[in-house]
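The values are calculated or read from the model by the stated rules, or taken from the named source; none is laboratory data. All values reported here derive from a predicted model rather than from experimental measurement. Positions of Cβ are backbone-derived with ideal geometry, glycine not excepted, and every protein chain shown enters the neighbour counts. The accessibility values were calculated without ligands, DNA or RNA, using every heavy atom of the protein model including side chains. Shrake-Rupley method; radii C 1.70, N 1.55, O 1.52, S 1.80 Å.
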Amino acid sequence: MKKRNTIAALLMIAVSFSAGEPLLAAETSGAPLTLDEALRMTREHNPKARQALEELNAADAKVTESRSAWFPQISGKAGYTYLDPVSEMTFGGLAMKFMPNNNYNARFTAEMMLYDFGRTASTVDLAKAARNSARLRQDMTLRDLSLATVQAFYSVLFLQEAVRVQQKEVAALQTNLDHMQKRYDQGAATRFDLLTTQVRLAGAANREIDYQNQLRNQEITLRRLCGLDEKAPLSLKGSFDITAADMDADKLAASALDHRPEVMLARENFKAASYKKNLATREFLPKIVGSASWGSTNGYVPDLDKMRTNVAVGVELQVPIFDGFRKSAALREATAMKRSAEQQQLDAEQVSQAEVRQSVNDLKSSAEKIQTTRLQVSQADLAAKHARIRYDNGLATTLDLLDAEAALAEAELANLQARYEYVMNAYSVRRAAGDLIER
């Protein structure tokens, strides 16, 4: 019995390790999820990140493949051929064959390109450019995934806080409704006052429902990005208090030209177009190929059936004469693609600089909104306190109190929205400047 329990425990452990993703969820459910941990999980487990890695591996293999023309191509073959009739001569009443009916041949052959006027070198350069482009596309994919994770992470934090603000407003309105119900029962308030409070409470409850629905949707998005199980509990650790971002537009624009993947990819595409044009000019030049073979075959006189070792060595010059105008068309195509890549590079540089300046403007605007909304929160909080005191003393109407409570909730949400926008704009500035947002 004890042995059976041990085996069952080992099987359960094996299943848990083979499951992969549920194990990841179990590991992260014990502690709050930080932004750094979420970014790491996204880069390691997201399918798009893995896809970009495999595309880079494929491009790297293509470079190795392009170098194969510099190495000998060795092959082995064996064959049998039956010939009838065969050449023969009758001499002195005897028939003498010059070749056998049964022909056997087995050999190893090595062929190697000796000189091709730089065609292979251009092909290798083109493959290297494609590998560099794949690496840059991987950087862009990981950066965009990181930015999406940041947005989902802070959206969850924002919506959690928005739900709490809305719940506080609902609780305050519920207290007012209870107080109003008592006054209505005592004849000190009208039916209109009671109905107005109920409508305000219903509106606040609807907004809370909307925020909770948005929160659940953002949690689904964050789990998907991080590779978490869809039913795993999600507890975040973070705040909107981040280090102030750099707002020097000129400095950031210069950084974008040097580090932004889109700009670097456009430059790599221009290099690839140049290599392709160079290859098009060399594609139809002559090439010299050497070959050597070693094997065994029959058919040698005087004993035609005896297998004998033989060696063959040769050099061949291959010269294209007419290609159906393919060379001129390929050269025109490569030239046009190079001009297109040049314009793509120019556009990428202009777009990157424009995005830097736009994101800096958005960041400055959100920073100013934080200051103004803080004042609004202070004023609305003080107004709500005064409204409660005046209402309790009979100096304010029900609408005055409800308006004050609604204004306070609106001011708190506006300040929360401004802080959220500042964080997202700060990351937008980093992205525009060429930061890969690894943390």
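Brief remarks on what is shown
- Criterion (in a helix (DSSP H, G or I), in contact (Cβ under 8 Å) with a residue 12 or more places away in the chain and either surrounded by fewer than 16 Cβ atoms within 10 Å (Cβ to Cβ) or out of contact with any Cys (no Cβ under 9 Å at 6 or more places or on another chain) (or both)) met by exactly one of Arg207, Arg216: Arg207
- Tally, over segment 33-50, of residues that are open to solvent by 70 Å² or more (accessible area, probe 1.4 Å) and either of a type in the set (A, V, I, L, M, F, W, C) or touching a residue at least 24 places away in the same chain (Cβ under 8 Å) (or both): 3
- Odd one out for Gly324, checked against (1) open to solvent by 60 Å² or more (accessible area, probe 1.4 Å); (2) assigned to a loop (DSSP other than H, G, I, E, B); (3) without any contact (Cβ under 8 Å) to a residue 12 or more places away in the chain: (1)
- Any hit, segment 67-79, residues being of a type in the set (Ser, Thr, Tyr) and either over 27 Å from Val311 (Cβ atoms) or open to solvent by 100 Å² or more (accessible area, probe 1.4 Å) (or both): no
- Every residue from segment 289-315 that is surrounded by 11 or more Cβ atoms within 10 Å (Cβ to Cβ), at pLDDT 90 or above and either aromatic (Phe, Trp, Tyr) or within 55 Å of the chain's Cα centre (by Cα) (or both): Val289, Gly290, Ser291, Ala292, Ser293, Trp294, Gly295, Ala312
- First in segment 142-166 and closer than 30 Å to Ala205 by Cβ and at pLDDT below 90, second anywhere and open to solvent by 10 Å² or more (accessible area, probe 1.4 Å) and of a type in the set (Gly, Ala, Ser), Cβ under 9 Å, 6 or more apart: Gln166/Ala205
- None of Leu363, Leu436, Leu399 is open to solvent by 30 Å² or more (accessible area, probe 1.4 Å), touching a residue at least 24 places away in the same chain (Cβ under 8 Å), assigned to a helix (DSSP H, G or I) and in contact with a Ser or Thr (Cβ under 8 Å, 6 or more places away or on another chain) except Leu399.
- Extreme residue, farthest from Lys237 (Cα to Cα), among residues of segment 161-195 that are polar (S, T, N, Q) and buried (at least 17 other Cβ atoms within 10 Å of the Cβ): Asn176
- There is at least one residue in segment 341-351 that is among the polar types (S, T, N, Q) and crowded, with 16+ Cβ neighbours inside 10 Å.
- Some residue of segment 369-391 being in a helix (DSSP H, G or I), at negative phi, in contact (Cβ under 8 Å) with a residue 24 or more places away in the chain and under 34 Å from the mean Cα position of the chain (by Cα): yes
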